[in-house]
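These notes are about the structure you will find just below.
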Amino acid sequence: MTDKVLYSSGGEIPTYLDIQAETGITKHMGGYNATDALYDLCHLEHAQRVLDVGCGIGVGPVYITRRFGCQVVAVDISAKMISWSKKRALREGVADLINFRQADVCELPFNENEFDASIVESVLAFVENKNLAIQELIRVTKPGGFIGLNESYWLQEPPERLIAYGHSIAPAIITEADWRALWENSGLEEAVFQQYRVDARQELRDRIKWIGWGSLLPGWGRIIKFLLTKPGWRNAVKEQLDPPAELVELLGYGLFAGRKPQN
């Protein structure tokens, strides 16, 4: 995974992640309900130090500290996302519990066996070498610790006419079957894979709750500004805000959890 692929570095035609980074609006499937279920699968109530990869605008790491009171190391490949996250942590009064680092999930700047749990939500759909990313998460997690993912996938391969659109949003999304095989061969113990279908209306409600009106309204203001001042953004924003219903029906997401072997 590389910034050069996922971000256009100020180009006229923004990528999906450009729009998220510039507006301060991010999402993952299932909202807080999925996040709570993932944290429970990874037993974060027993964790003292948690790694949150792909922290986006900081909702996840802030929520972890509030719910569990533990230390969090939050990383994202985007400096802009790290900036949003730091602002949120300060605003929520938990900045002393979170250490932010700019980093790539495929090359984490940490020693082996550092974290009690490693959490990733809506990141690996953008990562070509998913196995490398998973092995990096395992490497930095302590023996007996948990790795947990919330990731989207195709319930079945989309038709040719929709593939380009799907890849413009999540360039490395794979099928449910491919994900299942990848997780089963990860080397983790107690491996769990919970499947969910996407409900577009519920996803919208979840996104609003996840981001919060205090961040969502300014974010929409930034979107309007970009639409008025950056012609190249208009079609890209429209496409990303209004995906074809047929494409949404082909999407699902899964919660993946497993324990790193003791030996």
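The values are calculated or read from the model by the stated rules, or taken from the named source; none is laboratory data. If you're wondering where the values come from, they're calculated on a predicted model, not measured in any experiment. Heads up, the Cβs are rebuilt from the backbone with ideal geometry, glycines too, and the neighbour counts pull from every protein chain shown. Surface accessibility is based on the protein's heavy atoms, side chains included, excluding ligands, DNA and RNA. Shrake-Rupley method; radii C 1.70, N 1.55, O 1.52, S 1.80 Å.
Could you tell me whether the stretch 72-82 includes any residue that is within 22 Å of LEU255 (Cβ to Cβ), among the acidic types (Asp, Glu) and surrounded by 23 or more Cβ atoms within 10 Å (Cβ to Cβ)?
yes
Cβ-Cβ distance below 8 Å, separation of 6 or more or different chains: which pairs start in the stretch 103-130 with a residue that is closer than 20 Å to SER85 by Cβ and of a type in the set (D, E, K, R) and end on one that is open to solvent by 40 Å² or more (accessible area, probe 1.4 Å) and modelled with pLDDT of 95 or more?
The qualifying pairs are GLU114/ARG49; GLU114/LYS142.
Can you tell me how many residues within the stretch 29-71 are in contact with a strand residue (DSSP E or B) (Cβ under 8 Å, 6 or more places away or on another chain) and of a type in the set (D, E, K, R)?
The qualifying residues number 2.
Would you mind listing the strands (runs of 3 or more DSSP E) fully within the stretch 74-173 where at least 2 residues are among the charged types (D, E, K, R)?
115-121, 141-154
If you go through the stretch 220-227 one residue at a time, do you hit one that is surrounded by 14 or more Cβ atoms within 10 Å (Cβ to Cβ), touching a residue at least 12 places away in the same chain (Cβ under 8 Å) and in contact with a His (Cβ under 9 Å, 6 or more places away or on another chain)?
no
Residues of the stretch 180-212 being over 18 Å from LEU41 (Cβ atoms), in a helix (DSSP H, G or I) and not acidic (Asp, Glu), which ones?
Of everything in the stretch 180-212, those that are over 18 Å from LEU41 (Cβ atoms), in a helix (DSSP H, G or I) and not acidic (Asp, Glu) turn out to be ALA181, ALA200, ARG201, GLN202, LEU204, ARG205, ARG207, ILE208, LYS209, TRP210, ILE211.
Filter the stretch 83-102 down to residues that are open to solvent by less than 50 Å² (accessible area, probe 1.4 Å), under 16 Å from the mean Cα position of the chain (by Cα) and without any contact (Cβ under 8 Å) to a residue 40 or more places away in the chain, then give me how many there are.
1
With the condition being under 25 Å from MET81 (Cα atoms), I'd like the helices (runs of 4 or more DSSP H) fully within the stretch 213-263 carrying at least 3 qualifying residues.
In the stretch 213-263, 213-229, 231-241 are the helices (runs of 4 or more DSSP H) which contain 3 or more residues that are under 25 Å from MET81 (Cα atoms).
If I filter the stretch 125-154 down to residues being modelled with pLDDT under 95 and under 18 Å from THR35 (Cα atoms), which single residue comes out as farthest from the chain's Cα centre (by Cα)?
Looking at the filtered set, the residue picked out is TYR153.
Being open to solvent by 10 Å² or more (accessible area, probe 1.4 Å) and either among the polar types (S, T, N, Q) or farther than 30 Å from TRP233 by Cβ (or both) is true for just one of LEU137, LEU204, LEU182, LEU162. Which residue is that?
Exactly one residue qualifies, and that residue is LEU182.
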